[in-house]
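These notes concern the structure reproduced below.
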Amino acid sequence: MGYREMSRMEIVDVVRRWQAGESRRAMARGLGLARATVDKYVSGAAQLGLVAGGPPPTESQVLALVRQNRPSGERSTPARSLLTAHRERIGRWLAEDHLRLSRVQELLERDGLAVSYTSLRRFVAAEGLGRRAKTTVRLAETAPGEVAEMDFDKLGPLVDPATGKRRTVWALVVVLVYSRHAFVWPLFTQTLGEVIGGLEAAWRFFGGVPRRLVLDNFPAAVAGADPLAPKLTRGFLEYSQARGFLADPARVRHPQDKPHVERHIDYVTERFWKGGSFADLPDARVQARDWCLTVAGQRVHGTTRRVPVVVFQDEERAVLVPLAATPAGEAPYDVPLWRTATVRPDHHIQFEQALYSAPSASCPPGTKLEVRGDRDLVRLYRRGELAKVHARRQRGERATDPDDYPAEKTAYALRAPDRLIRQATELGTDIGRFAERLLSGPLPWAALRQGYKLLRLAERYTPARLDAACARALGFDLVDVRRLERILLLALEHAGEPAPPPETRLRALPAGRFARPASAFDHRPTDSPTEVEG
């Protein structure tokens, strides 16, 4: 028969029956024990000074009998005796090579040592060679309104009326740690907008915001799941600042960091979703809210032994931060989108498939910018400083500020005759008059290229010379940029002075060193007969 450890009360009962005068055979039959077991404890009681019909045992005598019940040492079995000789090898395989216990059994069997898996596992546990069992501690109780925990769980499929397809429904669960009052928000996706919408519904349901939120490591909220210094995404960090709570991401694969919501997840799946009937997602959300109030909130909690709704109403609701007291107030939260964009060679960035210009002076092409877009505005940030603000555009549209272009490229980029005339006037009065005449026709866009050429002439020959040349050209009613360039090339821009002589204007070609007369290239036959020597 295998060894069975007797409890303290069973040992005391053996002594009590013996002192009452009951025979050992009757004790064994009445207690369901072996005769040898009864004899062992009766003999042990007699050695401690107890007698039949005497006073009951003292606490010290009972402890002595209990210690007698324990084995004096580890029982040596054949398998244990065999495995003891291989203790170091087994420890090295488990600790250094990280082998599984089934592989260790195979290696021992290959070396001629055949033991069962159960015996090997029992030996490893007794010797402390395997992995230690994970232990945990119960978290200290928090103050009312101090901490809430959130997590996600897959509920099941639901037909989406918008598409007619079956989609997987997830549950966003928020639990207030002190009262255990919970809120459930079904959703299809875990995007930042959907999650913030669920949290906003939770704060309205509770009537306030907790001071700290322990959250799951979902990508929309946690950009870097580091166990020591987790990094929140810009969008969720801005939301936590707007609502005034501290976001505390749990460690990856550490459910003990948020035990209250982890336990509530299974309860939601079993008691709310399974067996339920839901028309669509809005209907599931309405039913979830009612279930939180009438079922989950009205039960006696298994740990606190109190009703969550009653504890929440009496002790916790009044100490939550009201929505009106948060930095964003009670207004519906406008979920922002944060992106990183690079300024393109055309001085624009792309955000949500729309183009927005960036100032060329502070954000030249190639500059990395942080872009924040909400319902109405798009803001461009460079190294934390606001560089530009645009009105939000639809997909495929473009927002361009002409002042964002470099000054020398503005007219070309905009292709605007009026702006080209203004730039020409800024260079000189007669240059502006020339540009007006040039672009005054019914199709000014056809002369835009000549207008760009006019502005480049000012860069090459200085605005003063160009202004004088334009004045002289207009005097002869000559509105042609090519001929205007010829005036500058020949220095004819001063209208009151005679033009320089041709020999100074055009350089004579140099005489060729080996020039021949034209007759040298005449190969026609002559009329005189050819003389023949006799």
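Those residues that are surrounded by 14 or more Cβ atoms within 10 Å (Cβ to Cβ) and touching a Ser or Thr at 6+ places or on another chain (Cβ under 9 Å), I need them from the stretch 83-119; list them, please.
L83, Q105, S119
So if I check each of A354, A341, which one is among the aliphatic types (A, V, I, L, M), at negative phi, surrounded by fewer than 19 Cβ atoms within 10 Å (Cβ to Cβ) and not assigned by TED's automatic domain parsing to the domain that holds V169?
A341
Name the helices (runs of 4 or more DSSP H) wholly within the stretch 223-292 that hold at least 1 residues that are over 21 Å from E200 (Cα atoms) and touching a residue at least 60 places away in the same chain (Cβ under 8 Å)? Write out each step before concluding.
Details: elements: 234-243, 259-268, 281-291.
Output list reads 259-268.
Test V321 against the stated conditions and say whether it is surrounded by 14 or more Cβ atoms within 10 Å (Cβ to Cβ), more than 25 Å from I196 (Cβ to Cβ) and either modelled with pLDDT of 90 or more or in contact with an Asp or Glu (Cβ under 7 Å, 6 or more places away or on another chain) (or both).
Working: surrounded by 14 or more Cβ atoms within 10 Å (Cβ to Cβ): yes; more than 25 Å from I196 (Cβ to Cβ): no; either modelled with pLDDT of 90 or more or in contact with an Asp or Glu (Cβ under 7 Å, 6 or more places away or on another chain) (or both): yes.
No.
Only one of (1) over 27 Å from V261 (Cα atoms); (2) modelled with pLDDT under 85 fails for V124. Which number is that?
(2)
Check the stretch 435-443 and report whether any residue there is acidic (D, E) and not in a loop (DSSP other than H, G, I, E, B).
From the stretch 435-443, those acidic (D, E) are 436; that's our starting set.
Of the ones still in play, those that are also not in a loop (DSSP other than H, G, I, E, B) are 436.
Looking for residues that are acidic (D, E) and not in a loop (DSSP other than H, G, I, E, B), one finds at least one in the stretch 435-443, hence yes.
Checking the condition at pLDDT 70 or above and either among the polar types (S, T, N, Q) or over 60 Å from the mean Cα position of the chain (by Cα) (or both), which residue from D477, D467 passes?
Working: D467 fails: either among the polar types (S, T, N, Q) or over 60 Å from the mean Cα position of the chain (by Cα) (or both).
Just a single option satisfies the conditions, and that option is D477.
Would you check if E352 is over 30 Å from A464 (Cα atoms) and out of contact with any Phe, Trp or Tyr (no Cβ under 7 Å at 6 or more places or on another chain)?
For E352, the condition - over 30 Å from A464 (Cα atoms) and out of contact with any Phe, Trp or Tyr (no Cβ under 7 Å at 6 or more places or on another chain) - is met.
For the condition crowded, with 17+ Cβ neighbours inside 10 Å and aliphatic (A, V, I, L, M), what is the one hit in V286, V252, V214? Steps first, answer last, please.
On the way: V286 fails: crowded, with 17+ Cβ neighbours inside 10 Å; V252 fails: crowded, with 17+ Cβ neighbours inside 10 Å.
Sole residue among the options that is crowded, with 17+ Cβ neighbours inside 10 Å and aliphatic (A, V, I, L, M): V214.
Which ones in the stretch 155-184 are at positive phi and either surrounded by fewer than 14 Cβ atoms within 10 Å (Cβ to Cβ) or aromatic (F, W, Y) (or both)? Spell out the reasoning first.
Here is the first cut: in the stretch 155-184, the residues at positive phi are 156, 164, 180.
Listed by number, the list holds a single entry, G164.
The values are calculated or read from the model by the stated rules, or taken from the named source; none is laboratory data. Since the structure is predicted, the reported quantities are computational estimates derived from the model, not experimental observations. Counting neighbours? That spans all protein chains shown, and the Cβs are built from the backbone with ideal geometry, glycine included.
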